[in-house]
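Worksheet: one structure, shown below.
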Amino acid sequence: MLHFTTDDLRPQDRFDHWCEVRGRHLFGVTIELPRERRTAFEGHFLSTPVGDANACASVSELRASSYRVSRTRADIARVAGQSLCIGLQVRGPGWVSSGRDEGRLVREGDLVVHHADLPFEATPMRGDGFDFRSLRIPLAPGMLLGARADDLFAAPLTRTAAFARPLMALFRALTTRPGELANAGAEVVHAVRLTLLARGRLAPGLPESRAALRSGLLHAAREILQRDLRLPELSPSSVARELGISLRQVHVLFEPTGRSFARTLTALRLADASRLLGAAPGRSITDIAYLCGFDSLATFYRAFRAAYAMTPRDARALAD
């Protein structure tokens, strides 16, 4: 893990250190900020690895005052990457240009993908700072399946584009919930291939492409379950409609996990109910059961006892 914050430095030294030591020599970028704004500069950076010996990526969280950043040919020659970069603009919209066009708008919530060894220039639209989360994946030939990635210039993905949603779901899983992944290395490879699919570089009919898509769709389905678990009408059909796939495909997504759609949803609802039993002592057990999406009190008690070897009432007593 690599962590750095300008809070540890004197205000007059913060920008220069961030610009030279962190930007120029670590990130391989050129940072620009008007001199009169430099004493108010703040920056925080955290990088952690995700993956395994076969495929490992770096997850970075960057929060800083607004500045203009570019990766020039000189930067690339000094700090080469040979990596695929997938970034989420969490906060602070701006413009990104590869030098081949006038620039493209990057909104909050947009994914931007590019090869690390291609030039770009990014300019903020506002002056209130930005948050940026990124996944940097060193590329190995086997990941690409013969496709090219070294000409992927920086550009945001259209949110409605094919493969954008499964890629976003997999990106969130890798960057915010890596500890929950059964095979993080395989998921890193899937992220590369989903990116190539989204940018039209890989044939969707390849077995490896289909495996990457299934992985992304599974994470997207899990996000829907987590978001809507309290809705009694949540079902495989509603998930299929939202993801634009068949009902059969929804069930196929969950097969490799060893837990069906129904069992996965029940486990999420039980975890939600278990938390509320301790956190909301003023709510009755009946209220909690229905709030968490169970269609009857009997079903809730039966599922709770099977999962936790105790009744909801016993669990509440232990939490007191």
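Please verify whether residue 59 is farther than 23 Å from residue 159 by Cα, β-branched (Val, Ile, Thr), out of contact with any Lys or Arg (no Cβ under 7 Å at 6 or more places or on another chain) and in contact (Cβ under 8 Å) with a residue 24 or more places away in the chain, treating the condition exactly as stated. It is false that residue 59 is farther than 23 Å from residue 159 by Cα, β-branched (Val, Ile, Thr), out of contact with any Lys or Arg (no Cβ under 7 Å at 6 or more places or on another chain) and in contact (Cβ under 8 Å) with a residue 24 or more places away in the chain. Close Cβ contacts (under 7 Å, 6 or more residues apart or on different chains) running from residues in the range 119-138 that are over 18 Å from residue 71 (Cα atoms) to residues that are of a type in the set (Asp, Glu) and assigned to a strand (DSSP E or B) are absent.
The residue list 269, 193 contains one member that is crowded, with 17+ Cβ neighbours inside 10 Å, within 20 Å of the chain's Cα centre (by Cα) and assigned to a helix (DSSP H, G or I), which is 193. Note on the range 121-138: residues that are of a type outside the set (Asp, Glu), touching a strand residue (DSSP E or B) at 6+ places or on another chain (Cβ under 7 Å) and surrounded by fewer than 18 Cβ atoms within 10 Å (Cβ to Cβ) total 5.
The set of residues in the range 281-301 that are loosely packed, with under 12 Cβ neighbours inside 10 Å and closer than 19 Å to residue 234 by Cβ comprises 295, 296. For the range 63-109, name all the residues that are part of a loop (DSSP other than H, G, I, E, B), within 17 Å of the chain's Cα centre (by Cα) and charged (D, E, K, R). Selection gives 107, 108.
Does residue 162 meet the test of being at pLDDT 95 or above and assigned by TED's automatic domain parsing to the domain that holds residue 99? Against the criterion (at pLDDT 95 or above and assigned by TED's automatic domain parsing to the domain that holds residue 99), residue 162 does not qualify.
Taken over the range 119-151, residues that are assigned to a strand (DSSP E or B), of a type in the set (A, V, I, L, M) and farther than 23 Å from residue 207 by Cα amount to 2.
Restricting attention to the range 272-288 and to residues that are in a helix (DSSP H, G or I) and not aliphatic (A, V, I, L, M), the residue that is farthest from the chain's Cα centre (by Cα) turns out to be 286.
Restrict the check to the range 99-114 and report whether at least one residue is buried (at least 19 other Cβ atoms within 10 Å of the Cβ), in contact (Cβ under 8 Å) with a residue 40 or more places away in the chain, over 26 Å from residue 50 (Cα atoms) and touching a Lys or Arg at 6+ places or on another chain (Cβ under 8 Å). Checked against the condition, which is being buried (at least 19 other Cβ atoms within 10 Å of the Cβ), in contact (Cβ under 8 Å) with a residue 40 or more places away in the chain, over 26 Å from residue 50 (Cα atoms) and touching a Lys or Arg at 6+ places or on another chain (Cβ under 8 Å), the range 99-114 yields no hits at all.
If only residues of the range 38-57 that are out of contact with any strand residue (DSSP E or B) (no Cβ under 9 Å at 6 or more places or on another chain) and of a type in the set (D, E, K, R) are counted, the one that is farthest from residue 177 (Cα to Cα) is 38.
The values are calculated or read from the model by the stated rules, or taken from the named source; none is laboratory data. The structure presented is a predicted model; accordingly, all values stated were derived computationally and were not measured. Neighbour counts are summed over all protein chains in view; Cβ atoms, including those assigned to glycine, are modelled from backbone coordinates with ideal geometry.
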